[in-house]
Each structure stands twice: as C-alpha cells, then as structure tokens.
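Contents: one structure, followed by commentary.
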Amino acid sequence: MRTTRIRDMIAVLGIATAATSTAQEEPQREYVTGTFAGTQVVNTHSVEVVPRKRSFGFMIQHRFGEVTPDEEAWNQFVGLDLPANIRFAFQYSPLRDVQLELGRSKNGKVWDLELKARLLKQTEEEEMPVSLTVMGNAGFMSDRFPRVGERDFFADGVTPFEYTLAHRFSYNTQIIVGRRFNRWFSAQLAGIVVYRNLVPVGGSNLTLAIAGATRFKVSPKGSILLEASPILEGRQASEHREPVAIAYEVATHGHVFQIVLASSQEIIEPRLYTLATSRYDQGRFHLGFNIARTLFVKPKRLNN
C-alpha cells in the first residue's frame, strides 16, 4: 500500500515537472515598440498610445501664419508675426493600450474628447506583422456663431436658417494600421471618417480620407516625418488640395519635439480635412512645432 502511494506521488511530481518544463520552453511573445515616437505623427494620429497604464501625456501643437515665397516672408518673420493656431491636449491611460484625450484648439474655439485603443501589436516573431489602433473623437465648437441674415436659408432654400446646439458638434473616427520595418523605418495608413453637423450650402457633411505617414530615423534620436492625406469623399472644391506635412523630430524617453512645415494651419481633423489648404504648389506653407511629454506613473506593486 505504501509502495503504491509512493508511485502515485512520483507520477504526479513527474507530470508537474514536465508541464513546468514545457511552459518554460515556450518563448514569451515580444512586442515591437517605438513604431512612432509619440501618439501623433505630425498632424495625423499614430498607432501609438500613452505607453503605460495610469500614466499621463501633455501635448502642444502650434501652427504660425502662412509663409509666402516673396519678401513678405521676411517681413512677417516666416509667419511668426501673423495670427497662429494652437491646440493643447491632456492624455490619460486608464487601461493598458487605451488612452483618453481632452483637447482645446484656438481656431473655432473647439473642445474635443477622444478615446483611442491599440487592439493589435506587432510582434518581433512576426506572428502579428502589424499594429492596429482605433480612435473616436467628438468636437464641440464653443466660438460664437456669426449673425444670421434675413436671406439665409437651409439647403431647401425655403426654411429660414437658425443655429442650434447640434450645429456645434463634429465627429472623427480612424482605423490606423502601422508597421516598424526595421529600427530606421516605420510606416502607417489611416482610414479617416469625418462628419460635421453643419456645413456651408453645397458642402458635404461626410468627408473620407486616407492618411499615409512614414518615419525615417537619421540618428538615434532624430527622425524625418512625412505625411500626405488624399481626400476620397467630401472634397469641398475642385481646387481643394490634399493636406501634407513634413517634420524633423527629436525624441528622448518621454519627450518628443518636432519642427513642422504643414500645408494648413488647422490641426483637428474636422477642420484639417475640410477647409482649404495653402497653395503649397506655389511655395506657401505654415511653420509650426509639436511638443509632447509623457509622465510615467510606476505600476502598483501587488501584495504577496
């Protein structure tokens, strides 16, 4: 009887040892990090989110006035003397790979609230070749509405026009797919849907765009960023040009700084993709910068 019990104990220990050995032999999945340095590429959102649960982010996006290819460029000090647009944003990660963002822009005096989540993460072993992030954003224009004239009507041409609370809202949804090909090169594509409750007569409430962005690292901390965003639906006029941007970026742990050349002074999507850009084909553009800072919070220690 005692011999049987000893055999059973040895068998159980053998099974447990084999299971532990098998678990240890299975390689742990390693995720690719640093596809882009921050949550923004230049104007477009990147696949990245605030990288640690309970951590915070703060961002400033600034675009100066239009620079023209003549003597006025120097007279206006490369657009710095002209009216500028600026956006402040605060970010918080309540869950891993999820962030909330609250922003406020000067143009239109727009407040926006955003939810962004990274659903898939690229792995080093190529089990998952890309990262996928989704986001949704709602904007509220707090600026005063212009006066309404007696000859202003809704699109039917009969009903007298009047502003309502719903006219202040706009919405933006994106699906972003990105990949870091090697330590020096990353790229992403974003499908963008913008819906505005209020548009000019003849305008489109719905705007669809595809934003492509790349990152070329030229040094351990420096990168060149390129963006182009073809408008697929909701083009406002035949001369409406695609938003483009180029930037030089310096990134350190928790801090990103960019010098930007952009085709538009607008920053948030409901304005960036629906309002006319500068004639960059004639050498007109907007100088600006982005600053992002991540404040990491140490994870809570579990009690043993």
Residue that is nearest to residue 153 (Cα to Cα), among those in the stretch 204-220 that are of a type outside the set (A, V, I, L, M) and loosely packed, with under 15 Cβ neighbours inside 10 Å: 205
Do you know which of the residues in the stretch 162-176 that are surrounded by fewer than 15 Cβ atoms within 10 Å (Cβ to Cβ) and of a type in the set (A, V, I, L, M, F, W, C) is farthest from the chain's Cα centre (by Cα)? 165
Filter the stretch 207-228 down to the residues that are part of a strand (DSSP E or B) and more than 19 Å from residue 174 (Cα to Cα) and list them by number. 215, 216, 217, 222, 223, 224, 225
Pick from the stretch 194-203 the residues that are touching a helix residue (DSSP H, G or I) at 6+ places or on another chain (Cβ under 9 Å) and either outside any loop (DSSP other than H, G, I, E, B) or not aliphatic (A, V, I, L, M) (or both): which of them is surrounded by the most Cβ atoms within 10 Å (Cβ to Cβ)? 194
Condition (residue is within 25 Å of residue 273 (Cβ to Cβ), more than 19 Å from the chain's Cα centre (by Cα) and among the polar types (S, T, N, Q)) applied to the stretch 58-77: is it met by at least one residue? yes
Pull out all pairs, ordered by first then second residue, where Cβ-Cβ is under 6 Å, the residues are six or more apart or on different chains, the first lies in the stretch 79-104 and is farther than 27 Å from residue 117 by Cβ, and the second is among the polar types (S, T, N, Q) and buried (at least 17 other Cβ atoms within 10 Å of the Cβ). 85/107; 85/265
Scan the stretch 261-279 and tell me whether some residue there is among the hydrophobic types (A, V, I, L, M, F, W, C) and over 30 Å from residue 155 (Cβ atoms). yes
Looking at the stretch 181-201 only, could you name the residues that are of a type outside the set (A, V, I, L, M, F, W, C) and more than 20 Å from residue 164 (Cβ to Cβ)? 182, 183, 186, 188, 191
Hey, any hits in the stretch 183-194 for a residue that's within 30 Å of residue 222 (Cβ to Cβ), at pLDDT 95 or above and among the basic types (Lys, Arg)? no
Number of positions in the stretch 124-147 that are in a strand (DSSP E or B) and either exposed (fewer than 15 other Cβ atoms within 10 Å of the Cβ) or not hydroxyl-bearing (Ser, Thr, Tyr) (or both): 9
Identify the single condition in (1) closer than 26 Å to residue 294 by Cα; (2) surrounded by 21 or more Cβ atoms within 10 Å (Cβ to Cβ); (3) free of Cβ contacts under 8 Å to residues at least 24 places away in the same chain that residue 263 does not satisfy, given that it satisfies every other one. (1)
Only one residue in 118, 87, 96, 104 is charged (D, E, K, R), farther than 20 Å from residue 193 by Cβ and crowded, with 19+ Cβ neighbours inside 10 Å. Which one? 87
Could you grab me the full set of residues in the stretch 123-180 that are among the polar types (S, T, N, Q) and at pLDDT 90 or above? 123, 131, 133, 137, 142, 164, 170, 172, 173, 174
For residue 179, only one of the following conditions fails: (1) over 25 Å from residue 102 (Cα atoms); (2) surrounded by fewer than 14 Cβ atoms within 10 Å (Cβ to Cβ); (3) in contact (Cβ under 8 Å) with a residue 12 or more places away in the chain. What is its number? (2)
Out of all the residues in the stretch 229-244, is one or more in a loop (DSSP other than H, G, I, E, B), under 30 Å from residue 161 (Cβ atoms), out of contact with any Lys or Arg (no Cβ under 7 Å at 6 or more places or on another chain) and aliphatic (A, V, I, L, M)? yes
Identify all residues within the stretch 225-258 that are exposed (fewer than 15 other Cβ atoms within 10 Å of the Cβ) and either of a type in the set (Phe, Trp, Tyr) or over 17 Å from the mean Cα position of the chain (by Cα) (or both); write none if there are none. 232, 233, 237, 238, 239, 248, 250, 252, 253
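The values are calculated or read from the model by the stated rules, or taken from the named source; none is laboratory data. From a predicted model like this one, the values you see are computed outputs, not experimental measurements. For neighbour counting, all protein chains shown are included, and Cβ atoms are generated from backbone atoms with ideal geometry for every residue, glycine included.
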